[in-house]
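A short worksheet on the structure shown next.
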């Protein structure tokens, strides 16, 4: 099983949106038995909380299921067991590399061609959930293609 882990600060906006969208496209591509997707927080601010209302609203708009997604804090074990570790910004990258400097970590924007953003802006602060969704969906679409190609799926 290929494990894909999305990480952001609180695990209520960007990473659960990425988790839900990625699970959606994994299901569309009939790869649920080959790819497992989850998300975690670098902080402990929102542990146990469901996705932010803005994240829920945008996922509902696109009919993407987010049931059973609740904020969880990242552990070293999560990093050790993941094949693809995807962060939303440089701060997340630093936090992850402090926990496990030997793992390869990428920003989700690394997978978006001609991207005007170096990181996924946090809609908790920007309130622009549409932009976040656009970047998340583009990044996840490209990431899934990379996973399919690299793993001959």
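The values are calculated or read from the model by the stated rules, or taken from the named source; none is laboratory data. A quick note: this is a predicted structure, and the numbers were derived from the prediction, not measured. Glycine also receives a Cβ, built like all others from the backbone with ideal geometry; neighbour counts cover every protein chain displayed.
Points worth noting:
- Strands (runs of 3 or more DSSP E) (entirely within region 4-114) containing at least 2 residues that are within 20 Å of residue 133 (Cα to Cα), under 15 Å from the mean Cα position of the chain (by Cα) and modelled with pLDDT under 95: none
- Residues that are more than 19 Å from residue 125 (Cα to Cα) and buried (at least 21 other Cβ atoms within 10 Å of the Cβ), drawn from region 85-104: 85, 86, 96
- Residue within region 49-69 that is touching a strand residue (DSSP E or B) at 6+ places or on another chain (Cβ under 8 Å) and either surrounded by fewer than 19 Cβ atoms within 10 Å (Cβ to Cβ) or more than 21 Å from residue 152 (Cα to Cα) (or both) present: yes
- A count restricted to region 40-72 and to residues that are out of contact with any helix residue (DSSP H, G or I) (no Cβ under 6 Å at 6 or more places or on another chain) and in contact (Cβ under 8 Å) with a residue 40 or more places away in the chain stands at 6.
- Selected residue (criterion: surrounded by the most Cβ atoms within 10 Å (Cβ to Cβ)) from residues of region 1-37 that are in contact with a strand residue (DSSP E or B) (Cβ under 6 Å, 6 or more places away or on another chain) and free of Cβ contacts under 8 Å to residues at least 40 places away in the same chain: 37
- Flag for residue 76 being within 30 Å of residue 102 (Cβ to Cβ) and surrounded by 13 or more Cβ atoms within 10 Å (Cβ to Cβ): no
- Residues within region 115-152 that are in contact with a strand residue (DSSP E or B) (Cβ under 8 Å, 6 or more places away or on another chain) and in a loop (DSSP other than H, G, I, E, B), tallied: 5
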